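Chemist: Structure below; questions to follow.
The values are calculated or read from the model by the stated rules, or taken from the named source; none is laboratory data. Keep in mind it's a predicted model, so treat the numbers as computed, not measured. Neighbour counts run over all protein chains shown; Cβ positions are idealised from the backbone, glycine included. Accessible surface areas use protein heavy atoms only, side chains included; no ligands, DNA or RNA. Shrake-Rupley method; radii C 1.70, N 1.55, O 1.52, S 1.80 Å.
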Amino acid sequence: ALDLSEEALEISEAIDNTWGRSYRLWKIGFAFAERGDWSHALNAMHECIRLGELAGFLPSQTQTRADLAALYGELGATQRGIEVVQHVLSTGKLSGHLVDRGALLSILASLHLTAGNRAAARDAIEEAKKDPYLDTWRILAIPVRLIDAEVALVQGENVYAAAAMEKLLVDLRQFGARVYVPNCLYLLGKALAQQGKPKESRERWLEARDKAEEIGSRRILWRILHALSQIESDPIRAERLRTGARDILEYISEHIDQPELRDSFLNQPDVRAVLEPVRLLP
């Protein structure tokens with residue numbers, strides 16, 4: 001995707017096509033984000049939005065902003081992400097591209113969940129699920145279904161979450177949408193773990209690890225490795241998994257140029273749980 005994007009840039013610049021320059025960045029920020037190159041992702045997303053405003057390329061104003069808001073959530077800058085989504089939802093630009101509404105609301109739900117506001121998260125995801133376009137624009141329904149499961153897990157609805165992720169997994173494999181498979185398997189493993197099924201959850205997390213490594217998704221891989229380390233009975237293998245998760249987090253933090261965003265990322269409880277040394281009782 002990144003190689004093709006560079007080729008698209010050469011063509012767009014050769015013919016002085018601002019729309020094409022924005023379009024070639026439309027999902028490249030997402031690609032950088034999956035790889036853990038988060039400053040490159042932020043720069044690509046902001047440039048896509050800027051050029052899209054000049055050219056009238058509407059998806060950059062909605063879908064790219066949704067990706068940007070989601071990345072702010074990963075960075076621990078939840079309020080900034082909420083403001084990005086609310087900006088899009090409150091502007092008239094959305095009226096011509098309503099197919100984005102469900103996906104935007106699902107990102108808003110995820111941000112509220114990260115911020116600890118479960119009620120707001122539930123309200124946002126329930127509103128997202130009402131989007132009439134989800135049945136026809138099924139690729140845009142994927143984040144809604146993933147975040148719906150996240151909200152359900154926090155509320156202890158693990159049976160519902162597991163069933164939802166099993167169904168989504170079938171659809172993802174049918175679509176060939178490999179980029180979402182590790183995340184789906186990770187959530188499915190969490191749902192099974194909450195049901196007291198460690199063997200089944202481990203199998204799902206091992207598959208999630210393999211799929212994330214295949215596509216180079218550092219964004220989710222560190223979470224998978226940490227989850228596996230928590231249920232690994234062999235202390236040597238558990239430490240090897242924790243080391244793998246720490247290495248990825250260190251890579252990501254080294255690829256966040258903005259000091260305030262690096263700090264907000266590193267200060268998140270789940271990140272600190274991996275990076276801080278384990279204190280063993282005597």
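Chemist: Let me spell it out: the conditions are (1) touching a residue at least 60 places away in the same chain (Cβ under 8 Å); (2) crowded, with 22+ Cβ neighbours inside 10 Å, and R218 meets all of them except one. Which number is the exception?
Modeler: Unmet condition: (2).
Chemist: Please note which helices (runs of 4 or more DSSP H) are completely contained in the stretch 1-106 and include at least 2 residues that are under 16 Å from the mean Cα position of the chain (by Cα) and of a type outside the set (S, T, N, Q).
Modeler: In the stretch 1-106, 28-35, 38-55, 59-74, 78-90 are the helices (runs of 4 or more DSSP H) which contain 2 or more residues that are under 16 Å from the mean Cα position of the chain (by Cα) and of a type outside the set (S, T, N, Q).
Chemist: Just for the stretch 54-75: of the residues that are modelled with pLDDT under 90 and among the polar types (S, T, N, Q), which one is farthest from R101 (Cα to Cα)?
Modeler: Among them, the one singled out is S60.
Chemist: Here's a follow-up. Tell me which of these D131 doesn't satisfy, since it passes every other one: (1) open to solvent by 60 Å² or more (accessible area, probe 1.4 Å); (2) acidic (D, E); (3) over 27 Å from D37 (Cα atoms).
Modeler: Checking D131 against (1) open to solvent by 60 Å² or more (accessible area, probe 1.4 Å); (2) acidic (D, E); (3) over 27 Å from D37 (Cα atoms), the one that fails is (1).
Chemist: Next question. Look through V179, V170 and report the one residue that is aliphatic (A, V, I, L, M) and open to solvent by 60 Å² or more (accessible area, probe 1.4 Å).
Modeler: None of the others qualify; the one that does is V170.
Chemist: Only one of these is more than 20 Å from T114 (Cα to Cα) and at pLDDT below 90: L25, L2, L51. Name it. Before the answer, list the steps.
Modeler: Details: L25 fails: at pLDDT below 90; L51 fails: at pLDDT below 90.
Criteria check complete, one pass: L2.
Chemist: Going by the conditions given, is I248 open to solvent by 40 Å² or more (accessible area, probe 1.4 Å) and among the aliphatic types (A, V, I, L, M)?
Modeler: Spelling it out, it is not the case that I248 is open to solvent by 40 Å² or more (accessible area, probe 1.4 Å) and among the aliphatic types (A, V, I, L, M).
Chemist: Moving on to the next point. Kindly list, by first and then second residue, each pair from a residue in the stretch 5-23 that is open to solvent by 50 Å² or more (accessible area, probe 1.4 Å) to a residue that is outside any helix (DSSP H, G or I), limited to pairs with Cβ atoms under 7 Å and residues at least 6 apart or on different chains.
Modeler: Close Cβ pairs (under 7 Å, with a partner that is outside any helix (DSSP H, G or I)) amount to W19/F57; Y23/F57.
Okay, residues lined up against (1) more than 26 Å from A191 (Cβ to Cβ); (2) among the small types (G, A, S):
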| site | (1), (2) |
| --- | --- |
| A212 | no, yes |
| L221 | no, no |
| L225 | no, no |
| L228 | no, no |
| A238 | no, yes |
| G244 | no, yes |
| D247 | yes, no |
| I252 | no, no |
| D257 | yes, no |
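Chemist: Give the stretch 163-186 a look and list any residue that's touching a residue at least 12 places away in the same chain (Cβ under 8 Å) and over 10 Å from R145 (Cβ atoms), or say none.
Modeler: Listed by number, the residues that qualify are E166, L169, F175, A177, R178, V179, V181, P182, N183, L185, Y186.
Chemist: Just give me the residues in the stretch 205-220 being among the hydrophobic types (A, V, I, L, M, F, W, C) and under 13 Å from E74 (Cβ atoms), in sequence order.
Modeler: Answer for the stretch 205-220, where residues must be among the hydrophobic types (A, V, I, L, M, F, W, C) and under 13 Å from E74 (Cβ atoms): just I220.
Chemist: Within the stretch 116-128, work out how many residues are open to solvent by 40 Å² or more (accessible area, probe 1.4 Å) and within 10 Å of L105 (Cα to Cα).
Modeler: Of the residues in the stretch 116-128, 3 are open to solvent by 40 Å² or more (accessible area, probe 1.4 Å) and within 10 Å of L105 (Cα to Cα).
Chemist: Inside the stretch 157-216, can you point out the residues that are small (G, A, S) and under 16 Å from the mean Cα position of the chain (by Cα)? Spell out how you get there, then give the answer.
Modeler: Quick first cut of the stretch 157-216, residues small (G, A, S) only: 161-164, 176-177, 189, 191, 193, 196, 201, 208, 212, 216.
Within the stretch 157-216, A177, A208, A212, G216 qualify.
Chemist: May I pose another question? Could you please tell me which pairs satisfy a Cβ distance under 7 Å, a separation of 6+ or placement on different chains, a first residue in the stretch 244-258 that is at negative phi and touching a residue at least 12 places away in the same chain (Cβ under 8 Å), and a second residue that is open to solvent by 20 Å² or more (accessible area, probe 1.4 Å) and charged (D, E, K, R)?
Modeler: What qualifies is I248/R218; Y251/R218; I252/R218; S253/R262; I256/R262.
Chemist: Look through the stretch 24-58, keep the residues that are of a type in the set (D, E) and open to solvent by less than 30 Å² (accessible area, probe 1.4 Å), and return whichever of them is nearest to T91 (Cα to Cα).
Modeler: This residue is E34.
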